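Reviewing the structure listed below.
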Amino acid sequence: MPGYGRGKEYSSEFVKDLRVSPIYVPGWYARGGAWPMHTAMLGQMAFDYGAKTIRFADADEAEAKMILAEIRRRFPQHG
């Protein structure tokens, strides 16, 4: 996709602890700078790859959980 750079590939055998990893973003930031400031929660997909945590698929937390469930259904080795 334009603006996102090149995609990356990871060897499945080294993917560990696939999960939803919620992050907290100030509400004003999530809404493009609008006030008041309060916390909005986004769910991100994450996995450990060696000594790094790889994060991807910014989404609402509930949506991220649905994505995770589908990945685990299709790829049971990551369940």
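Derivation of every value follows stated rules applied to the coordinates shown; laboratory data play no part. Bear in mind that the values here come from a model prediction, so they are computed numbers and not experimental data. With ideal geometry, Cβ positions are generated from the backbone for all residues, glycine too; neighbour counts draw on all protein chains shown.
For a footprinting-style exposure proxy, rank Lys65, Lys52, Lys16 by other Cβ within 10 Å, fewest first.
Lys52, Lys16, Lys65
Computed FRET efficiency, Cβ-Cβ of Arg6 and Arg74, R0 22 Å: what is it to the nearest 0.05?
Here the calculated transfer efficiency is 0.35.
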